[in-house]
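Student: Quick one: the structure is below, and I'll ask about it shortly.
The values are calculated or read from the model by the stated rules, or taken from the named source; none is laboratory data. Quick caveat: nothing in here was measured; it's all calculated off a predicted structure. Neighbour counts are summed over all protein chains in view; Cβ atoms, including those assigned to glycine, are modelled from backbone coordinates with ideal geometry.
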Amino acid sequence: MEYRLPAWVDDPFPDNSDDSKTCKYLFKKIIPTEGLNSKPSGATFLAHVAGSEEEFVLKNAHPGYMNLGVACTDSLKNEAVNIKRMMKFDFIPNYIADFSEDEDYFLCEEKKCGLSVDDYRADSHHNFIDKKLRKKTINDYRKSITDLLKNVQILHDERIFLGDISSENVLVDPETNLVSFVDLEQSVFLEDHSKIAFFARTEGFFDENTPFLAPIAQDNQQLAYLLISFFCRGNMFLLIDHSGAMTINFFKQYASTHNLPKVFVDVIMDLLEDPNQRLDNLVEVLDKMDCENLYNSEDLVSLDDFQYELVKSVYLAMIDGIQIDDKKTLFFEEDTDLIFNENMVSIYKEYLQKPTIFNDIFFEKKMHNHVISEGKRLVEMLKDGDERLAETSLVQVYALLLCTIKIG
């Protein structure tokens with residue numbers, strides 16, 4: 001079908017060069033079928049070759065966009081170079097093809113099966129408290145964490161610096177509990193570089209000391225915070241306290257209250273304290289782990305006391321002092337905006353009086369996921385200094401963040 005202007009309308013762009021352009025590959029040889037994510041600088045799709053049903057990932061970078069002084073098209077081209085050089089590793093996506101359409105650049109790579117670490121943690125089959133699921137959960141986590149440590153050490157032995165390690169660029173296959181890495185545009189072969197440039201690391205997975213470590217140690221420290229995110233959202237506190245102390249304290253409290261095997265905590269703390277070590281040592285510790293030896297620290301404050309110390313007395317005192325309208329419902333729809341209303345303040349106030357209230361409100365996974373999604377949206381707005389947050393209150397902000405961490 002061809003679009004034509006009515007005869008009485010003059011063409012506003014009579015000399016538009018785009019009118020004569022046609023795609024060489026896109027929608028002819030390469031067929032996008034589903035959008036995975038999109039932003040102004042580019043997008044990611046599922047796609048297949050015309051005449052084939054085998055899916056792969058198609059990444060696109062638009063010209064004219066920069067990230068830390070590097071053109072986004074160059075970053076994606078660097079990922080193509082990286083995955084070509086890493087094709088011998090089965091935990092790295094295979095390179096398939098790359099091409100340009102006009103000034104846009106496209107990369108086709110293997111689709112790796114798996115969940116992000118956040119989704120893996122939220123999987124309903126994982127629960128350290130439920131007696132029916134505890135054994136499977138421990139075994140799954142031991143296997144996935146062991147595989148993650150082994151794979152990172154393999155890359156380090158090849159002098160490959162990942163640069164950015166987070167819950168979004170590490171995938172865990174829920175069927176096999178094996179780990180893959182994606183989005184490798186920032187990875188560096190250290191043999192090619194005498195000096196490492198500044199990296200756009202994902203917030204929540206590094207602390208204030210990370211940039212001052214040697215490259216391999218930087219990876220290992222980020223890896224430690226990633227391991228914390230396997231269990232809980234405690235790494236979100238790095239957005240508030242860049243030293244990492246708040247994150248570590250929260251994780252230890254979580255480990256104690258959820259009866260985590262002590263070895264998981266020991267591995268993470270050992271890696272944080274000595275990020276220069278070889279990861280084989282930690283793999284050996286996990287291979288010999290005693291599942292019955294639980295982490296327990298009686299000197300830690302209760303979770304409620306910890307939250308009180310976290311935001312000091314002001315904000316929780318404000319929450320505690322709010323009068324709850326008994327007629328106001330604590331339930332909400334899955335599309336409710338939780339940032340600009342008082343739903344979460346009411347829910348958190350109720351939680352302080354009745355901790356089991358979360359089971360009633362978030363019993364459906366879609367509600368659980370909605371709160372997590374809104375919490376992430378709030379974090380992005382805080383990072384961006386979004387002026388719309390002036391319309392809400394600090395009470396609402398902290399209530400949503402704390403509820404997000406509680407159910408995450």
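Student: So, in the stretch 1-32, of the ones that are part of a loop (DSSP other than H, G, I, E, B) and hydroxyl-bearing (Ser, Thr, Tyr), which residue ends up modelled with the lowest pLDDT? Before the answer, list the steps.
Tutor: Here is the first cut: in the stretch 1-32, the ones part of a loop (DSSP other than H, G, I, E, B) are 1-16, 21-25, 27-29.
Filter once more, keeping what is hydroxyl-bearing (Ser, Thr, Tyr): 3, 22, 25.
Numbers: Tyr3: 65, Thr22: 71, Tyr25: 87.
Of everything passing the filter in the stretch 1-32, Tyr3 is modelled with the lowest pLDDT.
Student: It is to be established whether one or more residues within the stretch 223-237 are among the aliphatic types (A, V, I, L, M), under 23 Å from the mean Cα position of the chain (by Cα) and at pLDDT below 95. Spell out how you get there, then give the answer.
Tutor: Residues of the stretch 223-237 among the aliphatic types (A, V, I, L, M): 223-224, 226-228, 236.
Now narrow it down to the ones that are under 23 Å from the mean Cα position of the chain (by Cα): 223-224, 226-228, 236.
Right, trim to at pLDDT below 95 and you get 236.
Within the stretch 223-237 (the criterion being among the aliphatic types (A, V, I, L, M), under 23 Å from the mean Cα position of the chain (by Cα) and at pLDDT below 95), the answer is yes, since at least one residue qualifies.
Student: Here are some conditions: (1) of a type in the set (D, E, K, R); (2) buried (at least 16 other Cβ atoms within 10 Å of the Cβ); (3) under 30 Å from Asp192 (Cα atoms). Lys84 meets all but one. Which one does it not meet?
Tutor: Lys84 satisfies every listed condition except (2).
Student: Okay, moving on. Is it true that some residue in the stretch 220-235 is among the aliphatic types (A, V, I, L, M) and in contact with a strand residue (DSSP E or B) (Cβ under 7 Å, 6 or more places away or on another chain)? Even if it seems obvious, please write down each step before you answer.
Tutor: The first filter runs over the stretch 220-235 and keeps only residues among the aliphatic types (A, V, I, L, M), leaving 223-224, 226-228.
If we keep only those that are in contact with a strand residue (DSSP E or B) (Cβ under 7 Å, 6 or more places away or on another chain) too, we end up with 226.
Among the residues of the stretch 220-235, at least one is among the aliphatic types (A, V, I, L, M) and in contact with a strand residue (DSSP E or B) (Cβ under 7 Å, 6 or more places away or on another chain), which makes the answer yes.
Student: Let me ask another. Any residue in the stretch 34-49 that is more than 16 Å from Asn169 (Cα to Cα) sitting within a Cβ distance under 6 Å of a residue that is among the charged types (D, E, K, R) and assigned to a strand (DSSP E or B)? List the pairs, counting only those 6 or more apart or interchain.
Tutor: Cβ pairs passing all conditions: Leu46/Glu34.
Student: Oh, and also: In the set Gln277, Gln253, which member is modelled with pLDDT of 90 or more and either of a type in the set (S, T, N, Q) or farther than 30 Å from Leu401 by Cα (or both)?
Tutor: Gln277
Student: Is there a residue in the stretch 234-246 that is aromatic (Phe, Trp, Tyr) and in a helix (DSSP H, G or I)?
Tutor: yes
Student: Moving on to the next point. Regarding the stretch 223-246, can at least one residue be identified that is within 19 Å of Ser297 (Cβ to Cβ) and either without any contact (Cβ under 8 Å) to a residue 24 or more places away in the chain or among the charged types (D, E, K, R) (or both)?
Tutor: Yes; the residues of the stretch 223-246 include at least one that is within 19 Å of Ser297 (Cβ to Cβ) and either without any contact (Cβ under 8 Å) to a residue 24 or more places away in the chain or among the charged types (D, E, K, R) (or both).
Student: May I pose another question? Output the helices (runs of 4 or more DSSP H) that fall wholly within the stretch 65-184 and possess 3 or more residues being modelled with pLDDT of 95 or more, among the β-branched types (Val, Ile, Thr) and touching a Leu at 6+ places or on another chain (Cβ under 8 Å), or say none. Quick ask: steps written out before the conclusion?
Tutor: On the way: elements: 72-85, 117-122, 131-157.
Passing ranges, in order: 131-157.
Student: Kindly indicate whether Gly321 is at pLDDT 80 or above, outside the structural domain of Ser229 (by TED's automatic domain parsing), over 30 Å from Arg159 (Cβ atoms) and not charged (D, E, K, R).
Tutor: On the way: at pLDDT 80 or above: no; outside the structural domain of Ser229 (by TED's automatic domain parsing): yes; over 30 Å from Arg159 (Cβ atoms): yes; not charged (D, E, K, R): yes.
Answer is no for this residue.
Student: A further question follows. In the set Leu115, Leu107, Leu58, which member is closer than 30 Å to Thr176 by Cα and in contact with a Lys or Arg (Cβ under 8 Å, 6 or more places away or on another chain)?
Tutor: Details: Leu115 fails: in contact with a Lys or Arg (Cβ under 8 Å, 6 or more places away or on another chain); Leu58 fails: in contact with a Lys or Arg (Cβ under 8 Å, 6 or more places away or on another chain).
After ruling out the rest, the residue left standing is Leu107.
Student: Residue by residue through the stretch 112-140, note down the ones that are of a type in the set (Phe, Trp, Tyr) and touching a strand residue (DSSP E or B) at 6+ places or on another chain (Cβ under 6 Å).
Tutor: At the first step, the residues of the stretch 112-140 found to be of a type in the set (Phe, Trp, Tyr) are 120, 128.
Tyr120 - this is the single residue of the stretch 112-140 that is of a type in the set (Phe, Trp, Tyr) and touching a strand residue (DSSP E or B) at 6+ places or on another chain (Cβ under 6 Å).
Student: A further question follows. Mind checking which residues of the stretch 50-82 are free of Cβ contacts under 8 Å to residues at least 60 places away in the same chain and charged (D, E, K, R)?
Tutor: Residues satisfying the conditions are Glu53, Glu54, Glu55, Lys59, Asp74, Lys77.
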